[in-house]
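Participant: For reference, the structure I am asking about is given below.
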Amino acid sequence: CITRHYKFHIKLKNVTRLCHTKSLVTVNGKFPGPRITAREGDQLLIKVVNHVQNNISLHWHGIRQLQSGWADGPAYITQCPIQTAQTYVYNYTIIGQRGTLWWHAHVSWLRSTLYGPIIILPKIGVPYPFAKPYKEVPIIFGEWFNADTEAIINQALQTGGGPNVSEAYTINGLPGPLYNCSAKDTFKLKVKPGKTYMLRLINAALNDELFFSIANHTLTVVEVDAVYVKPFETETVLITPGQTTNVLLKTKPNFPNATFFMTARPYVTGLGTFDNSTVAGILQYEASLSLSIKHLPLFKPALPPLNDTAYATNFTNKLRSLASANFPANVPQKVDKQFFFTVGLGTNPCPQNQTCQGPNGTMFAASVNNVSFEMPTTALLQSHFFSQSQGVYTSDFPVIPIIRFNYTGNPPNNTMVSNGTKVVVLNFNTSVELIMQDTSILGAESHPLHLHGFNFYVVGQGFGNFDRNKDPAKFNLVDPVERNTVGVPSGGWVAIRFLADNPGVWFMHCHLEVHTSWGLKMAWVVLDGKLPNQKLLPPPADLPKC
Ligand code: C2O
């Protein structure tokens, strides 16, 4: 195991897409940002220097941060942001994880341009549980907005309405030939015939779950969220914001000069406005000398319809932990604490003397158990560590919904939320079962819920009301998929289990950025255990101050 040093200079860079040039906040002038490569067990020291006017904070999405919560990154949760001209070194060790993860800004909407892959290779000498691919290629999906995303979200929060949607989706920062003025900005993957490629798919889009497919090729899913799964074949992958998926692509033995589209477009069940465009990249076979060279037509994949919940459900049902001797599934078999959270949209009253663009003149909000999370002005982790929670947060997050919830398919009359900075406090090593039920209030949309600091097992999911008497009997406690971000299905529920073995303050939120901004977020405080390796370490000296 070694220590790897990275320098991330946050600076502006002019970038042109769709014939629009704008100044992006970037790492080292790169868009998308640089790739981090490490091995399981390595220590990372990432020095971030902020040369821009914005407050910056970076998050290493999916890294467990065992005992190193100070490096997790969500602004005002684990740290105050890095202000202009300040520096902070993110210092953490990758323990027990290998696969694809990613990093992104975790303050306001800056992650629209500040993101990049994290590739964690297995320890030296440890093979993949599948044949070694010929090549590995990160494919990171993003969203391009012609306007400044900070301005978009500020405007939306001020008027209480929905934000503008993106102009394009991107593959590795490139929108591709199906958009106007974009053909030259197309991602091309050149392949050799008869080889296996591993594509490391990452959904860094702000607000959309995506379907992804390559024409005339089948993909084999082998890993999600840096955890191996039982391999299965699929034509189309569903990937929500926050999630990562490794797939194997076997190229055909004889296809000289053939080209195929790879495309992605959203899976959306809600009624609001969204970007329904399609990003395309090109898979291109290198010429083979032994065969006559002839250009074949560009094949296009058939993606499922935009609202194909049946496809989405069928896909997620196939995901299973590998649960092998080398990679066991340590599903908590007994539960110490059970929680039932409703997740969904709601409303806040419009402030006096203001006109609001939300439903019936209200402001849009979003909540967990009817509580819309208010961001504190100082970081929760410091407040917790120094026992100074007073005036920062309260420990009375409701363990069941404030307003009793019954899913009927119709929104209730009262959509108002409560506001507060509330957390749930857990003792070290508590085994948690959490049922998350989508309310479908004001928009039947699936919510990709992301938990910081842990992987969890998805032990069950279904539609309609979660039935406490019947549904737990059907839970999979043998080989459920283990991950860090899960789609709570629109009009349905998921059940997850995790062991609270990581002391600190851990954010949980919808990874649709607009829903996070509206308050679909909360935090868990996990107390220290008794042993030295069960305690949060003290903060580093350069931890930014608010
Ligand atoms: Cu990838 Cu809190 O997020």
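Participant: Return the residue satisfying two criteria in turn: it lies in the stretch 35-60 and is within 18 Å of the chain's Cα centre (by Cα) and outside any strand (DSSP E or B), and of such residues it is nearest to PRO117 (Cα to Cα).
Facilitator: ARG35
Participant: Quick one: in the stretch 404-427, which of the residues that are in a loop (DSSP other than H, G, I, E, B) and β-branched (Val, Ile, Thr) is farthest from MET363 (Cα to Cα)?
Facilitator: The residue in question is THR408.
Participant: For ILE82, state whether it is within 16 Å of the ligand (Cβ to nearest atom) and either at pLDDT 95 or above or touching a Phe, Trp or Tyr at 6+ places or on another chain (Cβ under 9 Å) (or both).
Facilitator: The answer is no for ILE82.
Participant: Moving on to the next point. Might you check whether a residue that is within 18 Å of GLY242 (Cα to Cα), touching a Pro at 6+ places or on another chain (Cβ under 8 Å) and of a type outside the set (Ser, Thr, Tyr) occurs anywhere in the stretch 460-483?
Facilitator: no
Participant: Next question. What single numbered condition from (1) within 16 Å of the ligand (Cβ to nearest atom); (2) within 25 Å of GLY529 (Cβ to Cβ); (3) out of contact with any Gly (no Cβ under 8 Å at 6 or more places or on another chain) fails to hold for LEU44?
Facilitator: For LEU44, the failing item is (1).
Participant: How many of the residues in the stretch 472-486 are touching a Phe, Trp or Tyr at 6+ places or on another chain (Cβ under 8 Å) and within 16 Å of the ligand (Cβ to nearest atom)?
Facilitator: Of the residues in the stretch 472-486, 3 are touching a Phe, Trp or Tyr at 6+ places or on another chain (Cβ under 8 Å) and within 16 Å of the ligand (Cβ to nearest atom).
Participant: Separate question: Of everything in the stretch 93-104 that's more than 13 Å from the ligand (Cβ to nearest atom) and either part of a strand (DSSP E or B) or of a type in the set (Val, Ile, Thr) (or both), which residue is nearest to PHE385 (Cα to Cα)?
Facilitator: THR93
Participant: Residues that are under 30 Å from PRO472 (Cα atoms) and in contact (Cβ under 8 Å) with a residue 12 or more places away in the chain, at least 1 per element: which strands (runs of 3 or more DSSP E) completely within the stretch 278-391 meet that?
Facilitator: Qualifying strands (runs of 3 or more DSSP E): 337-348, 363-368, 371-373.
Participant: Sort out which residues of the stretch 184-208 are out of contact with any Asp or Glu (no Cβ under 9 Å at 6 or more places or on another chain) and crowded, with 24+ Cβ neighbours inside 10 Å, and write them in order of number.
Facilitator: Hits for the stretch 184-208 are LEU201, ILE202.
Participant: Out of TRP103, TRP109, which single residue is out of contact with any strand residue (DSSP E or B) (no Cβ under 7 Å at 6 or more places or on another chain) and crowded, with 23+ Cβ neighbours inside 10 Å?
Facilitator: Result of the check over TRP103, TRP109: TRP109.
Participant: Across the stretch 110-134, what is the total count of residues that are among the charged types (D, E, K, R) and either in a helix (DSSP H, G or I) or free of Cβ contacts under 8 Å to residues at least 24 places away in the same chain (or both)?
Facilitator: 2
Participant: Looking only at the stretch 52-88, how many residues end up being touching a Leu at 6+ places or on another chain (Cβ under 8 Å) and farther than 23 Å from VAL525 by Cα?
Facilitator: Matching residues across the stretch 52-88 total 4.
Participant: Taking into account only those residues within the stretch 70-92 that are among the small types (Gly, Ala, Ser) and either assigned to a loop (DSSP other than H, G, I, E, B) or over 18 Å from the mean Cα position of the chain (by Cα) (or both), which is surrounded by the fewest Cβ atoms within 10 Å (Cβ to Cβ)?
Facilitator: Among those that are among the small types (Gly, Ala, Ser) and either assigned to a loop (DSSP other than H, G, I, E, B) or over 18 Å from the mean Cα position of the chain (by Cα) (or both), it is ALA85.
A quick yes/no check of all residues on (1) modelled with pLDDT of 90 or more; (2) among the hydrophobic types (A, V, I, L, M, F, W, C); (3) under 20 Å from GLU209 (Cα atoms):
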residue	(1), (2), (3)
ALA379	yes, yes, no
GLN382	yes, no, no
PRO398	yes, no, no
PRO411	no, no, no
MET416	yes, yes, no
ILE435	yes, yes, no
HIS450	yes, no, yes
GLY464	yes, no, no
ASP467	yes, no, no
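Participant: Given the conditions (1) under 23 Å from THR16 (Cα atoms); (2) within 16 Å of the ligand (Cβ to nearest atom), report the number of the one that ALA151 does not fulfil.
Facilitator: Condition (2) is where ALA151 drops out.
Participant: Another question, if that's okay. Which one of the conditions (1) small (Gly, Ala, Ser); (2) in contact with a strand residue (DSSP E or B) (Cβ under 6 Å, 6 or more places away or on another chain); (3) at positive phi does SER387 fail to meet, given that it meets all the rest?
Facilitator: It fails just one condition, (2).
Participant: Scanning for something more than 16 Å from the ligand (Cβ to nearest atom), buried (at least 21 other Cβ atoms within 10 Å of the Cβ) and closer than 30 Å to GLY161 by Cβ, does the stretch 454-471 turn up at least one residue?
Facilitator: The answer is no, given that none of the residues of the stretch 454-471 is more than 16 Å from the ligand (Cβ to nearest atom), buried (at least 21 other Cβ atoms within 10 Å of the Cβ) and closer than 30 Å to GLY161 by Cβ.
Participant: Something else: For THR37, work out the one condition from (1) of a type in the set (S, T, N, Q); (2) more than 16 Å from the ligand (Cβ to nearest atom); (3) within 30 Å of TYR179 (Cα to Cα); (4) in contact with a strand residue (DSSP E or B) (Cβ under 6 Å, 6 or more places away or on another chain) it doesn't fulfil.
Facilitator: (3) is the only condition that THR37 fails.
Participant: Still on this model: List, please: which pairs have Cβ atoms under 6 Å, are six or more places apart or on different chains, and start with a residue in the stretch 90-102 that is at pLDDT below 95 and end with one that is of a type in the set (Lys, Arg) and surrounded by 22 or more Cβ atoms within 10 Å (Cβ to Cβ)?
Facilitator: Partner pairs satisfying both residue conditions: none exist.
Participant: Ok, one more. Say whether the condition of being at positive phi and either assigned to a loop (DSSP other than H, G, I, E, B) or at pLDDT below 95 (or both) is met by at least one residue in the stretch 255-265.
Facilitator: Within the stretch 255-265, one or more residues are at positive phi and either assigned to a loop (DSSP other than H, G, I, E, B) or at pLDDT below 95 (or both).
Participant: Here's something else I'd like to know. All but one of (1) within 15 Å of the ligand (Cβ to nearest atom); (2) part of a loop (DSSP other than H, G, I, E, B); (3) among the β-branched types (Val, Ile, Thr); (4) in contact with a Leu (Cβ under 8 Å, 6 or more places away or on another chain) hold for VAL107; state the number of the condition that does not hold.
Facilitator: Only one criterion in (1) within 15 Å of the ligand (Cβ to nearest atom); (2) part of a loop (DSSP other than H, G, I, E, B); (3) among the β-branched types (Val, Ile, Thr); (4) in contact with a Leu (Cβ under 8 Å, 6 or more places away or on another chain) is unmet by VAL107, namely (4).
Participant: Sticking with this one: Just checking, which of PHE456, PHE498, PHE428 is aromatic (Phe, Trp, Tyr), touching an Asp or Glu at 6+ places or on another chain (Cβ under 9 Å), over 29 Å from GLY358 (Cα atoms) and free of Cβ contacts under 8 Å to residues at least 60 places away in the same chain?
Facilitator: PHE456 is the lone residue from the list that is aromatic (Phe, Trp, Tyr), touching an Asp or Glu at 6+ places or on another chain (Cβ under 9 Å), over 29 Å from GLY358 (Cα atoms) and free of Cβ contacts under 8 Å to residues at least 60 places away in the same chain.
The values are calculated or read from the model by the stated rules, or taken from the named source; none is laboratory data. Worth saying up front: this structure is predicted, and the values here are computed from it rather than measured. Note that we place each Cβ from the backbone using ideal geometry, even for glycine, and neighbour counts take in every protein chain shown.
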